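Trainee: One structure coming up, written as structure tokens, with questions to follow.
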Amino acid sequence: MNVTLAVKQYVSKMIENSGPGMKVLLMDKETTSIVSVVYTQSEILQKEVYLFERIDSQNRDTMKHLKAICFLRPTKENVECLIQELRRPKYSVYFIYFSNVISKSEVKALAEADEQEVVAEVQEFYGDFIAVNPHLFSLNLTGVARGRSWEPTLLARSTQGLTSVLLALKKCPMIRYQLSSDMAKRLAESVKQIITKEYELFDFRKTEVPPLLLILDRSDDAITPLLNQWTYQAMVHELLGLNNNRIDLSRVPGISKDLREVVLSAENDEFYANNLYLNFGEIGTNIKNLMEDFQKKKPKGQQKLESISDMKAFVDNYPQFKKMSGTVSKHVTVVGELSRLVSDRQLMEVSEVEQELACQNDHSNAHQNVRRVLQNPKVTELDAVRLVMLYALRYEKHSSNNLPGLMEDLNRKGVSERHRRMVQSMVEYGGKRVRGSDLITPTDAVAITKQFFKGLKGVENVYTQHQPLLHETLDQLIKGRLKDSQFPYLGPSTLRDRPQDIIVFIIGGATYEEALTVYNLNRTMPGVRIVLGGTTIHNTKSFLEEVTSAAGSGHGGDRVQGAGRHSSRR
């Protein structure tokens with residue numbers, strides 16, 4: 001169960017099918033992202049693909065010496081663009097691949113447009129999702145909810161994305177969904193409908209234990225996406241933002257031209273692959289070791305590498321080193337920037353209070369600590385608001401709850417009204433009234449543990465104790481203890497054996513912390529394979545936008561008030 005491999009194999013197969021000769025790859029906006037996440041341009045160039053074009057670009061040249069490989073989503077717009085293309089073909093021959101099921105009527109329309117008989121084949125290759133890591137996929141969809149109901153077009157797109165993952169992994173699963181979420185039920189029914197309608201496509205060899213698709217709703221755990229992260233991939237997304245494996249570093253002080261945008265891909269970057277799930281202190285140590293190894297090969301006197309700034313100076317002084325090791329200069333820059341943000345934003349202090357809010361049950365202590373951090377002038381608006389949100393979710397029903405006092409503190413700190421209003425939206429999105437499971441388990445006994453790595457000055461490492469709710473849910477599922485009353489099966493049959501192949505999908509977005517949980521479960525639970533997906537992969541900023549959009553406040557309406565359980569039209 002490897003989603004990265006599944007998409008890579010589809011792309012290789014397309015290129016192989018077209019035979020030898022020079023080729024152009026024609027894509028749309030979404031398939032461009034789907035391909036670029038699993039293959040670098042240079043890898044595809046080695047397969048005789050010399051040109052990458054968008055189907056919707058108007059000013060493409062006619063090049064009859066090239067074969068065209070078209071990889072497109074089966075949308076009305078794309079079919080229309082193809083029809084226009086085939087009426088006046090720019091290339092010698094067309095191999096057309098749709099990333100999902102295409103209707104017979106649309107294939108017929110294409111055939112009618114192909115008067116010059118340039119189409120060699122039309123096939124469906126089910127790579128209709130972004131394969132972020134081997135066990136993590138995203139549909140890059142945000143703002144999927146209106147109140148507690150689906151945005152209708154995004155229900156259709158999520159159904160397509162999820163069924164294409166099942167087809168790519170060759171799984172015809174039993175489906176369980178979160179009962180407290182109407183959206184989870186709707187998506188489960190919608191996926192089941194496609195499986196029934198396209199039963200021939202889903203006719204895979206039966207396994208002893210059928211695979212399981214579990215559909216969850218983000219609102220059941222609004223705490224995880226609000227926390228600062230300390231493992232490499234999660235931290236990069238939280239502080240810098242990962243978009244289809246790319247990071248925009250253009251705002252970094254003194255950044256060199258070639259590092260304004262960098263790609264972090266575990267497929268093509270060994271250091272990143274080895275450090276993806278390690279925590280910040282260990283990464284600092286690993287970069288230091290990597291550079292010291294290189295230094296040993298240099299005759300010039302041994303320089304001491306004590307801090308991130310020493311390392312940056314070291315890299316800048318060795319142009320040939322930079323050339324040999326673009327990877328290292330990239331990671332030194334990224335870790336350096338993370339380190340700067342951690343210290344500028346006082347994130348160690350903030351994170352400690354977040355962990356206390358998420359994992360412990362001591363109201364008066366938590367309340368004092370939040371107030372103390374809010375008074376720190378270095379703490380940013382975003383970090384102040386996330387702490388108050390965590391407090392609001394954690395102690396929503398506590399007898400001494402003092403949310404009004406903390407809201408006043410935010411006001412005094414000069415936090416914008418837009419951010420202050422989000423606190424109430426967050427409680428409406430993920431508060432007690434909405435949750436189906438017990439998100440908050442008291443663990444007074446667990447005192448927060450801090451581990452400081454002495455290996456590298458300037459990169460300390462907090463050992464976080466929070467586990468996402470997903471960990472508990474999957475643990476129960478694997479042990480056969482997940483309650484049918486909370487996570488019913490769709491349809492009459494149930495799974496008697498312990499599940500082996502599990503696909504989890506989170507409506508409203510997954511997080512890299514949950515991806516780490518899945519990675520660890522895959523490593524430690526023999527015989528169990530789990531793939532995690534979400535409508536998107538959130539950091540705190542994108543999650544706040546998701547919640548605001550669901551609350552309707554992004555549209556000037558206060559429609560959440562009565563949005564508790566209304567069912568939407570079919």
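Trainee: Looking at this structure, is Arg186 surrounded by 23 or more Cβ atoms within 10 Å (Cβ to Cβ), in contact with a Leu (Cβ under 7 Å, 6 or more places away or on another chain), not small (Gly, Ala, Ser) and not in a loop (DSSP other than H, G, I, E, B)?
Mentor: no
Trainee: Pairs, please: C-beta under 8 Å, at least 6 apart or cross-chain, first residue without any contact (Cβ under 8 Å) to a residue 40 or more places away in the chain and in region 147-174, second in a helix (DSSP H, G or I) and of a type in the set (D, E, K, R)?
Mentor: That search, which allows pairs on different chains as well, returns Leu155/Arg186.
Trainee: Still on this structure: Can you tell me how many residues within region 87-97 are more than 24 Å from Ile34 (Cα to Cα) and not hydroxyl-bearing (Ser, Thr, Tyr)?
Mentor: Count: 4.
Trainee: Is there a residue in region 31-41 that is among the β-branched types (Val, Ile, Thr) and free of Cβ contacts under 8 Å to residues at least 24 places away in the same chain?
Mentor: For region 31-41, residues among the β-branched types (Val, Ile, Thr) and free of Cβ contacts under 8 Å to residues at least 24 places away in the same chain: present.
Trainee: Next question. Of (1) closer than 19 Å to Arg218 by Cβ; (2) modelled with pLDDT of 85 or more, Ile440 satisfies all except one. Which?
Mentor: Tallying (1) closer than 19 Å to Arg218 by Cβ; (2) modelled with pLDDT of 85 or more, Ile440 fails exactly one: (2).
Trainee: Filter region 217-250 for residues that are within 19 Å of Thr327 (Cα to Cα), among the polar types (S, T, N, Q) and open to solvent by less than 10 Å² (accessible area, probe 1.4 Å) and give the result.
Mentor: Across region 217-250, the qualifying residue is only Gln233.
Trainee: Continuing with this model, one more query. Among (1) open to solvent by less than 20 Å² (accessible area, probe 1.4 Å); (2) closer than 30 Å to Asn268 by Cβ; (3) outside any helix (DSSP H, G or I), where does Thr142 come up short?
Mentor: If we test Thr142 against (1) open to solvent by less than 20 Å² (accessible area, probe 1.4 Å); (2) closer than 30 Å to Asn268 by Cβ; (3) outside any helix (DSSP H, G or I), just (1) comes out false.
Trainee: May I ask you to verify whether Asn402 is under 26 Å from Ser219 (Cβ atoms), surrounded by fewer than 20 Cβ atoms within 10 Å (Cβ to Cβ) and not aliphatic (A, V, I, L, M)?
Mentor: yes
Trainee: Could you please find all residues in region 487-502 being in a loop (DSSP other than H, G, I, E, B) and either at positive phi or surrounded by fewer than 16 Cβ atoms within 10 Å (Cβ to Cβ) (or both)?
Mentor: Gly491, Pro492, Ser493, Thr494, Arg496, Asp497, Arg498
Trainee: Pull out all pairs, ordered by first then second residue, where Cβ-Cβ is under 7 Å, the residues are six or more apart or on different chains, the first lies in region 340-358 and is closer than 14 Å to Phe280 by Cβ, and the second is assigned to a helix (DSSP H, G or I) and open to solvent by 30 Å² or more (accessible area, probe 1.4 Å).
Mentor: That search, which allows pairs on different chains as well, returns Val342/Met348.
Trainee: Another question about this same structure. Going by the conditions given, is Ser549 outside any loop (DSSP other than H, G, I, E, B), more than 25 Å from Tyr232 (Cα to Cα), modelled with pLDDT under 95 and open to solvent by 10 Å² or more (accessible area, probe 1.4 Å)?
Mentor: Criteria met by Ser549.
Trainee: Okay, next question. Output yes when any residue across region 524-537 is within 14 Å of Thr142 (Cβ to Cβ) and outside any loop (DSSP other than H, G, I, E, B), and no when none is.
Mentor: yes
Trainee: Another question, if that's okay. Which ranges mark the helices (runs of 4 or more DSSP H) fully within region 337-412 that have 3 or more residues being touching a His at 6+ places or on another chain (Cβ under 8 Å)?
Mentor: By residue number, 347-359, 381-394.
Trainee: Identify, from the list Val101, Val107, Val132, the residue that is of a type in the set (A, V, I, L, M, F, W, C) and assigned to a loop (DSSP other than H, G, I, E, B).
Mentor: Criteria check complete, one pass: Val101.
Trainee: Something else about it: List every residue pair whose Cβ atoms sit under 8 Å apart, with the two residues 6 or more apart in sequence or on different chains, where the first one lies in region 249-262 and is without any contact (Cβ under 8 Å) to a residue 40 or more places away in the chain and the second, anywhere, is open to solvent by 100 Å² or more (accessible area, probe 1.4 Å).
Mentor: Hits for this filter: Ser250/Arg260; Ser250/Glu261.
Trainee: Can you tell me which residue within region 521-542, out of those that are in contact (Cβ under 8 Å) with a residue 12 or more places away in the chain and more than 27 Å from Leu155 (Cβ to Cβ), is most open to solvent (accessible area, probe 1.4 Å)?
Mentor: Out of the qualifying residues, it is Arg529.
Trainee: Sticking with this structure for a sec: Looking at region 486-509, can you tell me whether even one residue there is aliphatic (A, V, I, L, M), more than 30 Å from Glu282 (Cβ to Cβ) and modelled with pLDDT under 85?
Mentor: yes
Trainee: Please work out which one of (1) over 20 Å from Val209 (Cβ atoms); (2) open to solvent by less than 50 Å² (accessible area, probe 1.4 Å) is the condition Lys171 fails and give its number.
Mentor: Among (1) over 20 Å from Val209 (Cβ atoms); (2) open to solvent by less than 50 Å² (accessible area, probe 1.4 Å), Lys171 violates only (1).
Trainee: Restricted to region 413-425, and to residues that are small (Gly, Ala, Ser) and not in a helix (DSSP H, G or I), which residue is farthest from the chain's Cα centre (by Cα)?
Mentor: So, considering only residues that are small (Gly, Ala, Ser) and not in a helix (DSSP H, G or I), the one farthest from the chain's Cα centre (by Cα) is Gly414.
Trainee: Could you tell me which of the residues Leu51, Leu25, Leu82 is in a helix (DSSP H, G or I) and more than 17 Å from Ala131 (Cα to Cα)?
Mentor: It is Leu82.
The values are calculated or read from the model by the stated rules, or taken from the named source; none is laboratory data. Predicted model only: the values in this text are computed from it and were never measured. Cβ atoms come from the backbone with ideal geometry, glycine included; neighbour counts cover every protein chain shown. Accessible surface is based on the protein model in full, side chains and every heavy atom, while ligands, DNA and RNA are left aside. Shrake-Rupley method; radii C 1.70, N 1.55, O 1.52, S 1.80 Å.
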